[in-house]
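Everything below concerns the one structure shown next.
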Amino acid sequence: MSQPSALIIGGGAFGTSTAYHLSHRGYANITVLDRHPAPSLDAAATDLNKIVRYDYPNPLYTKLGLEAMAVWKDPNSLFRGMFRPTGWIMSAHDLTREFLKAAHESAVKANKKSVRWMSIAETKETWPEFTGSFDGWMNLWSPEAGWVPSGQALLRFAQAAQANGVKYVSGDDGYVKQLLYDAHGECIGALSANGTTHLADIVILCTGANTAALVEAKDEIVARSHCVGVIQLTPEEAEKYKNLPIVDDFEQGILFPPDENNLLKLCSCRFITNYYNSHVKGASLGHSHADYPQDGVPRQIEDEMRSFVRDMIPELADREWVSTRMCWDGDTKDVNFRVCPYPNTKNLYIGTAGSGHGFKFMPVIGKYIADMIEGKLDPEYAELWKWRFGATPPKTGKEPHPWPQRDLGELDGWKGRNSKTIPAKI
């Protein structure tokens with residue numbers, strides 16, 4: 001019996017992984033629709049770099065992270081040579097100490113003895129490049145973690161999927177404006193911006209921050225953005241800071257070591273939404289880089305990012321940005337993915353909502369989405385990733401990013417701020 005034809009909407013990390021894994025299960029008619037060619041300009045994964053790690057309070061994510069990390073590190077895998085084993089400092093303050101303690105407990109249960117607490121004095125002794133005071137910080141060291149040039153990895157994965165027979169469609173032909181249903185309410189395909197109809201036996205939404213533009217999901221999947229700033233270091237500075245670990249302060253931001261182009265990336269962990277500028281009433285949707293290529297990060301968040309740097313490396317805190325950007329993802333209230341059938345609709349499946357931590361699983365997440373489509377997803381993951389109809393989970397005191405979110409419409413300084421700068425290369 002032949003496999004069904006599959007239409008995947010969205011060519012980011014989840015969509016590309018799904019396409020790749022389905023193609024290796026014998027699905028011969030797979031089409032990925034995306035407004036942009038790979039690596040999709042609006043995908044959260046299309047960035048300089050992302051963290052790869054396994055430290056989670058939830059053991060199911062720890063297990064998944066260990067599985068993905070084995071692929072990233074495998075010298076014979078598709079992603080060989082991409083993983084940078086810099087290690088990772090997780091940091092907490094008053095609002096996130098319980099989350100960090102739970103992450104440590106999970107690592108201990110997974111027998112990862114190398115994950116340990118690190119004092120501020122030891123942090124500064126190990127990396128004397130950190131000249132800041134780290135006032136109020138609590139640090140957990142995870143030496144096996146690292147980072148990956150995420151835009152490059154997404155492109156490599158997409159090319160591998162195409163080499164295995166997956167068809168990619170972009171431009172107005174790949175820009176999906178609405179889903180199509182038959183008289184019985186079953187999803188049969190999608191309609192693109194140029195009027196093209198794409199039909200398939202099954203449709204999989206991997207649409208991240210724009211999911212609520214295609215299905216009723218405004219209470220389930222909310223577009224939220226990290227804000228990113230990139231600093232150009234001199235060759236001498238890049239040499240000085242090349243051995244730094246990733247620093248991930250759950251209440252402030254993330255610092256990445258310089259890449260091969262001497263670019264140092266900073267990322268805010270204080271999220272913003274986009275309700276004010278959304279074209280779907282009551283929904284937060286992504287702010288497209290294609291439509292607004294000159295827009296950058298809000299002034300208020302820039303100030304917070306500079307304060308974060310000042311805690312660690314004050315001499316870099318006031319440097320000019322090469323570029324700034326908003327990195328939009330689809331987030332859920334429980335910070336869990338949505339890998340499930342879309343409620344009460346045949347042939348329509350959801351594989352999205354990376355919630356700001358999905359990229360690290362890119363090599364393997366498509367396998368789980370394929371399992372879900374085929375009705376054989378592990379029950380524990382099916383429960384973790386099910387549709388929750390907007391239900392708000394109870395507060396546990398272990399939230400990774402508890403800072404109150406703000407909306408883009410409430411902030412300023414972001415419109416056109418990159419008009420005189422050159423965007424960083426992927």
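When each of GLY136, GLY132 is tested for being open to solvent by less than 10 Å² (accessible area, probe 1.4 Å) and either assigned to a loop (DSSP other than H, G, I, E, B) or of a type in the set (Gly, Ala, Ser) (or both), the lone residue that passes is GLY132.
Just wondering, is there one or more residues in region 399-406 that are open to solvent by 40 Å² or more (accessible area, probe 1.4 Å), touching a Leu at 6+ places or on another chain (Cβ under 9 Å) and not in a loop (DSSP other than H, G, I, E, B)? For region 399-406, residues open to solvent by 40 Å² or more (accessible area, probe 1.4 Å), touching a Leu at 6+ places or on another chain (Cβ under 9 Å) and not in a loop (DSSP other than H, G, I, E, B): absent.
In this structure, does LEU100 turn out to be assigned to a loop (DSSP other than H, G, I, E, B), among the hydrophobic types (A, V, I, L, M, F, W, C) and under 30 Å from GLY397 (Cβ atoms)?
Numbers: assigned to a loop (DSSP other than H, G, I, E, B): no; among the hydrophobic types (A, V, I, L, M, F, W, C): yes; under 30 Å from GLY397 (Cβ atoms): yes.
The answer is no for LEU100.
Only one residue in ALA103, ALA110 is among the hydrophobic types (A, V, I, L, M, F, W, C), free of Cβ contacts under 8 Å to residues at least 60 places away in the same chain and over 17 Å from PRO245 (Cβ atoms). Which one?
On the way: ALA103 fails: over 17 Å from PRO245 (Cβ atoms).
Testing whether each residue is among the hydrophobic types (A, V, I, L, M, F, W, C), free of Cβ contacts under 8 Å to residues at least 60 places away in the same chain and over 17 Å from PRO245 (Cβ atoms) leaves just ALA110.
When we screen ALA70, ALA13 for residues that are under 26 Å from ARG325 (Cβ atoms) and either touching a strand residue (DSSP E or B) at 6+ places or on another chain (Cβ under 8 Å) or aliphatic (A, V, I, L, M) (or both), the only hit is ALA13.
Test LEU48 against the stated conditions and say whether it is buried (at least 16 other Cβ atoms within 10 Å of the Cβ) and under 29 Å from SER288 (Cα atoms).
Considered against the rule, which asks whether it is buried (at least 16 other Cβ atoms within 10 Å of the Cβ) and under 29 Å from SER288 (Cα atoms), LEU48 comes out as yes.
For ASP74, the conditions (1) closer than 30 Å to GLY165 by Cβ; (2) open to solvent by 70 Å² or more (accessible area, probe 1.4 Å) all hold with the exception of (2).
Screening MET82 against (1) surrounded by fewer than 20 Cβ atoms within 10 Å (Cβ to Cβ); (2) without any contact (Cβ under 8 Å) to a residue 60 or more places away in the chain leaves a single unmet condition, (2). When the residues of region 263-294 are filtered to those that are modelled with pLDDT of 95 or more, over 20 Å from SER323 (Cβ atoms) and hydroxyl-bearing (Ser, Thr, Tyr), the one that is surrounded by the most Cβ atoms within 10 Å (Cβ to Cβ) is SER284. Just so you know, in region 1-37 the residues that are open to solvent by 30 Å² or more (accessible area, probe 1.4 Å) and hydrophobic (A, V, I, L, M, F, W, C) include one that is modelled with the highest pLDDT, and it is ALA28.
Step by step: first the residues of region 215-237, then only those that are part of a helix (DSSP H, G or I) and of a type in the set (Asp, Glu), then the one that is farthest from the chain's Cα centre (by Cα). Which residue is that?
Within region 215-237, the subset part of a helix (DSSP H, G or I) is 235-237.
Restricting the remaining residues to those that are of a type in the set (Asp, Glu) gives 236-237.
Details: GLU236: 31, GLU237: 28 Å.
For region 215-237, the residue satisfying everything is GLU236.
Here region 299-333 is the region considered, the condition is being under 30 Å from ALA391 (Cβ atoms) and in contact with a helix residue (DSSP H, G or I) (Cβ under 9 Å, 6 or more places away or on another chain), and the residue that is surrounded by the most Cβ atoms within 10 Å (Cβ to Cβ) is GLY330.
For residues in region 367-381 being assigned to a helix (DSSP H, G or I) and within 17 Å of ALA19 (Cα to Cα), which is most open to solvent (accessible area, probe 1.4 Å)?
Step one: of region 367-381, the residues assigned to a helix (DSSP H, G or I) are 367-373, 379-381.
Subset that is within 17 Å of ALA19 (Cα to Cα): 367-373.
Details: LYS367: 67, TYR368: 24, ILE369: 0, ALA370: 0, ASP371: 30, MET372: 19, ILE373: 24 Å².
Restricting to residues being assigned to a helix (DSSP H, G or I) and within 17 Å of ALA19 (Cα to Cα), the top hit is LYS367.
Pairing each residue of region 141-160 that is without any contact (Cβ under 8 Å) to a residue 60 or more places away in the chain and β-branched (Val, Ile, Thr) with any residue that is in a loop (DSSP other than H, G, I, E, B) and open to solvent by 30 Å² or more (accessible area, probe 1.4 Å), provided the two are 6+ apart or on different chains, yields no C-beta distance under 6 Å.
Before we move on, is LYS113 basic (Lys, Arg), in contact with a helix residue (DSSP H, G or I) (Cβ under 9 Å, 6 or more places away or on another chain) and buried (at least 18 other Cβ atoms within 10 Å of the Cβ)?
Working: basic (Lys, Arg): yes; in contact with a helix residue (DSSP H, G or I) (Cβ under 9 Å, 6 or more places away or on another chain): yes; buried (at least 18 other Cβ atoms within 10 Å of the Cβ): no.
Against the criterion (basic (Lys, Arg), in contact with a helix residue (DSSP H, G or I) (Cβ under 9 Å, 6 or more places away or on another chain) and buried (at least 18 other Cβ atoms within 10 Å of the Cβ)), LYS113 does not qualify.
Does ASN243 satisfy the criteria of being under 24 Å from THR123 (Cα atoms), in contact (Cβ under 8 Å) with a residue 12 or more places away in the chain and either of a type in the set (A, V, I, L, M) or open to solvent by 20 Å² or more (accessible area, probe 1.4 Å) (or both)?
On the way: under 24 Å from THR123 (Cα atoms): yes; in contact (Cβ under 8 Å) with a residue 12 or more places away in the chain: yes; either of a type in the set (A, V, I, L, M) or open to solvent by 20 Å² or more (accessible area, probe 1.4 Å) (or both): yes.
In short, yes.
Tell me the strands (runs of 3 or more DSSP E) entirely within region 145-214 that contain at least 2 residues that are under 19 Å from GLN3 (Cβ atoms), out of contact with any Lys or Arg (no Cβ under 9 Å at 6 or more places or on another chain) and open to solvent by less than 30 Å² (accessible area, probe 1.4 Å). Explain how you work it out, then say what you get.
Details: elements: 146-148, 167-169, 176-181, 187-192, 197-199, 202-205.
Result: 202-205.
Determine whether region 223-233 contains at least one residue that is under 28 Å from ARG97 (Cβ atoms) and basic (Lys, Arg). Yes; the residues of region 223-233 include at least one that is under 28 Å from ARG97 (Cβ atoms) and basic (Lys, Arg).
The values are calculated or read from the model by the stated rules, or taken from the named source; none is laboratory data. Everything numeric in this text was worked out from a predicted model, so none of it was measured. Note that each Cβ is placed from the backbone with ideal geometry, even for glycine, and that neighbours are counted across all protein chains shown. Just so you know, the surface numbers come from the protein's heavy atoms only, side chains and all, with ligands and any DNA or RNA stripped out. Shrake-Rupley method; radii C 1.70, N 1.55, O 1.52, S 1.80 Å.
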